[in-house]
Amino acid sequence: MAGTANCQQGRRHAPGSYFEQLNGMLIYVHGFNSGSASSKARELQGYFTRLGQSQVFLCPDLPHRPVQAIAMLSDLLQKHDGAKLVGSSLGGFYATWLAEQFGVKAALVNPAVHAHLLLADELGEQKNYSSGEIYQFTQQHLDELAALDLPQVEHPENLLLLAETGDEVLDYRDAVAYYADSRQIVVPGGDHGFQSFTQYIPTILAF
């Protein structure tokens, strides 16, 4: 229900209906210091592969610079008309901005709400745990994230929030408040990795 947090279990739907509703690609937007080898990306890829539909799934390895990441994702949305998004953590922040700009649907998994504030303590050397790359996270990165920050969501109907109350990185209540008018699935317990993600894939695709 819009404006409320509720806990739901994943529902079963006919697989064929997923692909009709997707009407294009499903793009997964990974989180901070993550990549296409992340657990959720692998779970989605495996899900589509088992159904013989791997061609509809895409997970690009994003540049660390937010402006470059957004440019890459924007190009993909323009190339794949009708694409939908799933974004996790920082990827949820990016997916929110893209959904608002392009009018596409997005499912957000334990999303960062105001990413520049969340990552303000991460300045300095960072290691991408997916690729092993070492890089410097700078004030420029934070400034670019701040430029993408939206005071409020203008099209909440395009967004689905999935949050776990046990998230040790983000306060799930921030997301519940920010996406107050969007459909919400709030799961008691859990963690930032959203270990129950697989069971909600059918619900995400149905949305």
Heavy-atom accessible area of segment 93-150 with neighbours in place, 1.4 angstrom probe: carbon+sulfur share in percent works out to 48
Sorting Leu159, Val169, Tyr179 by the position of each Cα along the dipole of segment 146-207 (Lys, Arg +1; Asp, Glu -1; all at Cβ), the one nearest the positive end of that ordering is Leu159
Listed residues Glu168, Glu125, Glu43; largest mean-square fluctuation, Gaussian network over the chain with Cα springs below 10 Å, found at Glu125
Rounded to one decimal in Å, the inverse mean reciprocal Cα-Cα distance for segment 123-207, i.e. its Kirkwood radius, is 15.3
For Lys84, counting only lysines whose alpha-carbon sits under 23 Å away and dropping same-chain residues fewer than eight positions off, the answer is Lys40, Lys105
Phi-derived 3J(HN,Hα) across segment 47-56 with the Karplus relation (6.51, -1.76, 1.60, θ = phi - 60°), rounded Hz, x for Gly and Pro, is 4, 5, 5, 4, 8, x, 10, 4, 6, 8
Any residue on another chain or 5+ positions along whose placed amide H is under 5 Å from the amide H of Gln53 is listed here as none
Expressed to one decimal in nm², the mean projection of the alpha carbon convex hull of the chain is 10.4
Over segment 112-207, with neighbouring protein chains present, the accessible area per residue in Å² at probe 1.4 Å is 48
Among chymotrypsin sites (Phe, Trp or Tyr not before Pro) in segment 104-176, those in a DSSP loop whose Cβ has at most 16 other Cβ atoms within 10 Å are Tyr129
Dividing the helical contributions, -39500 (n - 2.57) per DSSP H run of n ≥ 4, by the residues of the chain yields a 222 nm value, nearest 500 deg cm²/dmol, of -11000 deg cm²/dmol
Ser131 and Leu51 label points (each 7 Å along its Cα→Cβ direction) are spaced in nm at 3.0
Taking every DSSP bridge whose two residues both lie in segment 72-207, the antiparallel percent to the nearest 5 is 25
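The values are calculated or read from the model by the stated rules, or taken from the named source; none is laboratory data. What you see is a predicted model, and the numbers here were worked out from it, not measured in a lab. Note: ideal-geometry Cβ built from the backbone for every residue, glycine included; neighbour counts use all protein chains shown. SASA here: full protein model, heavy atoms, side chains in, ligands and nucleic acids out. Shrake-Rupley method; radii C 1.70, N 1.55, O 1.52, S 1.80 Å.
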